[in-house]
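Before any comments, here is the structure.
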Amino acid sequence: MAFVHKIRQVQLIGPKIRKIRKERKLTQTELASRIGIQQSDLSRMEKGEYRVSLDTLFKILAEFNVSISEFFDDVAQENMTPRDVKVVRDLSQLGPEARREVEAFIEFKRNQKSGAAPAPSPSEAKKSAAG
């Protein structure tokens, strides 16, 4: 699961870098030179084939004069539907125990859908945690 999440992050960040770079009318060679990396590495980052380090991301954002919150807010908005945003807001308003229950239920449904060995249902997980 964590591996899939990391792949998704890479695939979201790279295209966003490319989009901003093109809006600023910079070539990969120009941007790579300005931030001190190889053009081929930048190309692979933009394609989502290569992970962008925080150091490199901060250099890119400084070059574009974009804050990290602006960058990731845009990434989130481009990839989340209004319904997704509502679900995230609703989840963030729950207490820690309720969040764990929701997360357990999501994991239960994910396992059920994938045909993996079913995880205990949220109520079973809660019972086993309690006693």
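The values are calculated or read from the model by the stated rules, or taken from the named source; none is laboratory data. Since the structure is predicted, the reported quantities are computational estimates derived from the model, not experimental observations. Here the Cβ is made from the backbone with ideal geometry for all residues, glycine too, and neighbour counts use every protein chain on show.
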Among (1) modelled with pLDDT of 95 or more; (2) in contact with a Leu (Cβ under 6 Å, 6 or more places away or on another chain) - the single one Gln39 does not satisfy:
(2)
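Conditions (1) surrounded by 12 or more Cβ atoms within 10 Å (Cβ to Cβ); (2) modelled with pLDDT under 90; (3) polar (S, T, N, Q); (4) within 30 Å of Arg110 (Cβ to Cβ), marked per residue:
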{"position": "Val4", "(1), (2), (3), (4)": "no, yes, no, yes"}
{"position": "Val10", "(1), (2), (3), (4)": "yes, yes, no, yes"}
{"position": "Arg21", "(1), (2), (3), (4)": "yes, no, no, no"}
{"position": "Leu57", "(1), (2), (3), (4)": "yes, no, no, yes"}
{"position": "Asp73", "(1), (2), (3), (4)": "no, yes, no, yes"}
Go through region 15-67 and tell me which helices (runs of 4 or more DSSP H), entirely inside it, have 2 or more residues that are free of Cβ contacts under 8 Å to residues at least 12 places away in the same chain and touching a Gly at 6+ places or on another chain (Cβ under 9 Å).
none
Has region 68-90 got any residue that is in contact with a Gly (Cβ under 8 Å, 6 or more places away or on another chain), touching a residue at least 24 places away in the same chain (Cβ under 8 Å) and part of a helix (DSSP H, G or I)?
no
